[in-house]
Amino acid sequence: MKALCWEGTNKLAVQDVPDPRLLNLQDIIVRVTRTVTCGSDLHLIGGYIPFMKSGDVLGHEFIGEVVEVGTEVRKHKVGDRVVVCSFISCGQCWYCTNGLYSACDNGNTNPGITDVMWGATPGGVFGYSHAMGGFAGSHAEYIRVPYADVGAFAVPDGVSDDRALFASDSAPTGWMGADLGGVKPGDVVAVWGAGAVGQMASRAAMLLGAERVITIDRYDYRLQMTEQYIGSETLNYERTDVGAELRERTGGRGPDVCIEAVGMEAHSPGPQFAYDQIKQQLRLQSDRPSAVREAIYNCRKGGSVFILGVFGGFVDKFPLGAMMNKGLTVRGAQQHGQRYIPMLLERMQRGELVTEHLATHQMPLDEGPEGYRIFKEKVDGCVRSVFVP
Amino acid sequence: MNWITRGVTVAAVTAGGVVVRRVLTTRRRGHWPTDKQVGAVGAAAKDEPPRWYVVTVNMQLDEVMPAGQLPEPLAELGDAIEVQVRPAPGDKGTELAARLTDGEPSGVGGAVARLTGADPRQDVRSALRKAKQLLETGEVLSAHSPPTAKSTLLNKPLELAIDRSAGEGRL
């Protein structure tokens, strides 16, 4: 079958690779009908996460049709249209049964790597390096889905592929940021990043009753899209003093909840960016945390900061003093998607959550390398490139 | 901590069979968690019994060891290990602990054993993880196969890390 493979730092190619097959009794094989780029893929492609092998298939956010079913699969049958959570979680360990699916004990087949990196091992992820299990990704014609009864969800009638696709990762990730960030009616919420996850976090905050939601980015086309489709207020950090604006809009308090949806390759105005980039290139820090710093610095006293952006290792100049002296709650997680996806599909069916606008570019899988180029360089108004294998 | 440790023994006794024998006939002193001397360093530390490796299984104790039988593949390690179990606090399931009966490799020999995959600690970690998965999910999750990646000189270290991963880590 055809698949979009990582071939080395910043090198992608469509290759012929072996078809996946059922390996466990709880597996299904899915024919991928839509699969989409994600900002966190750029960390893998750019070599920031050094656990990739040449030939690894990328992609973790996808939808498709069930074509093979393991003997212990109960919920799905051949022909079902399913959206699949990007995280591979068993559904049975203590973490899964407590809704912390991305912390699953059993979903990662390479626990020795992440145990050493992070002190414990999270679940596995499709197409997300050998640190996260080495599972083949979704930028392919077919994909094996382990623990299918836990991670795959039938798409309701009336929800298009283009909408349901984002229930795989962007929508549940964004929802989790607002939910576990503690957004409640009357809150003012600031979201750093107007990509797909940031937009979904903003929408989730609105649906959870936030009084005001302010989305921050530097690309006008993304901010305009956010205003049009999500309905939040926006700020362009290259043209305004974000801190001053947030204080003005919150009666001098600062946002109650700050959600970071940017990750380890964050940009920022001023000398901070050059400082972080040089240190990252010299491998003196693995991640650029400027949006995290901003979120912590601008959050109101006693407020909550949720880190949705993906980070891999260590950061410099973490504002521990601001966090401690303001009494903040700082939390982060990879997405516990299985906990949110059924509810999100219902909201998509009711029209409360729209996502089609995020798919600014759609193309065949053969054009995957070009799709990632425009996605990475943010040209031609790209928010997400969707591949149709 | 002592009463907890005794609790372990009681729990093991009620579970019966193999576990009772292993616990009561162990040639080494000390219970799990290890009752190390505070401040034991240097030569004194060498006399300490091997460390316990522990997983928490999200099941009740009698489900983890029905009729006192050790779960597979832990049971396959036979007399090479001793095993203890106890209920986890906070309704988190059952803590399943194992350690090597004949000590652990150390020094250069230990490092070589780890690299070559001949370190018995790797067998214990791997068996504990697999036992937990079998109990909780009914099967051991397979890594992706057939592989799509190519083997190159550059990724040899990563391949070694992947090969050893099931038996390494902080467990």
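None of the figures in this text is laboratory data; all of them are computed from the coordinates on show. Because the structure is predicted, anything quoted here is derived from the model rather than measured. Positions of Cβ are backbone-derived with ideal geometry, glycine not excepted, and every protein chain shown enters the neighbour counts.
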What's the extension gain from B:Leu154 to B:Ala67 if we count 0.36 nm per residue and subtract their Cα-Cα distance? 26.3 nm
For helix A:368-377, report the angle its Cα long axis makes with the longest principal axis of the Cα atoms of chain A; keep it between 0 and 90° and round to the nearest 10°. 0 degrees
Taking just the alpha carbons, could you work out the radius of gyration and Dmax for region A:122-208, both in angstroms? 15.3, 46
Here are some pairs, A:Lys279/A:Lys317; A:Lys279/A:Lys301; B:Lys132/B:Lys156; A:Lys11/A:Lys376; A:Lys77/B:Lys132; which of them have Cα atoms lying more than 19 Å apart in this structure? A:Lys279/A:Lys301; B:Lys132/B:Lys156; A:Lys77/B:Lys132
At q = 0.18 Å⁻¹, what is the log10 ratio I(q)/I(0) for region A:210-316, with the Debye formula run over Cα points and no solvent? -0.93
Please report, in whole Å³, the volume per residue of the convex hull around the C-alpha atoms of region A:89-159. 105 Å³
Please give the FRET efficiency for A:Gln281 paired with B:Glu76, using the beta carbon to beta carbon distance and R0 = 45 Å, rounded to the nearest 0.05. 0.40
Solvent-free Debye scattering, log10 I(q)/I(0), computed from the Cα coordinates of region A:1-45 at q = 0.16, 0.20, 0.33 Å⁻¹: -0.62, -0.87, -1.15
Sort B:Glu48, B:Glu72 so the one with the fewest other Cβ atoms within 10 Å of its own Cβ comes first. B:Glu72, B:Glu48
Additional length obtainable on full extension of the chain from A:Glu65 to A:Phe273, 0.36 nm per residue less Cα span: 70.6 nm
Against the longest alpha carbon principal axis of chain A, how many degrees, from 0 to 90 and to the nearest 10, is the axis of helix A:341-350 turned? 80 degrees
For region B:89-96, what does the Karplus curve 6.51 cos²θ - 1.76 cosθ + 1.60, with θ = phi - 60°, yield as ³J(HN,Hα) per residue in whole Hz, taken in order and with x for Gly and Pro? x, x, 6, 9, x, 10, 8, 10
Which residues does the label zone of A:Glu211 cover in region A:248-264, counting backbone N under 15 Å from a point 7 Å along Cα→Cβ? A:248-257
Semi-axis lengths, Å, region A:46-132, gyration tensor of Cα atoms, sqrt of 5 times eigenvalues: 25, 19, 10
Per the Kirkwood treatment, what hydrodynamic radius in Å, one decimal, follows for the protein assembly as shown from the mean inverse distance over all distinct Cα pairs? 25.0 Å
Report the net charge of residues surrounding B:Ala113, where surrounding means a beta-carbon distance below 15 angstrom and charges are Lys +1, Arg +1, Asp -1, Glu -1. -2
Which whole number of Å³ per residue matches the convex hull of the alpha-carbon atoms in region B:132-171? 75 Å³
Centre separation in Å (Cα based) which lies between region A:1-39 and region A:262-281: 31 Å
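So what's region A:17-169 giving for Rg/Rh, alpha carbon basis, Kirkwood Rh from the mean inverse pair distance?
Here the Rg-to-Rh quotient is 0.95.
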Can you list the residues, at least 5 places off or on another chain, whose amide H is less than 5 Å from the amide H of A:Leu328, using H built in the peptide plane? A:Gly302
Highest GNM mean-square fluctuation, chain A, Cα pairs closer than 10 Å: which of A:Gln199, A:Gln92, A:Gln334? A:Gln92
Residues B:Ser126, A:Ser170 in order from fewest to most other beta-carbon atoms within 10 Å are B:Ser126, A:Ser170
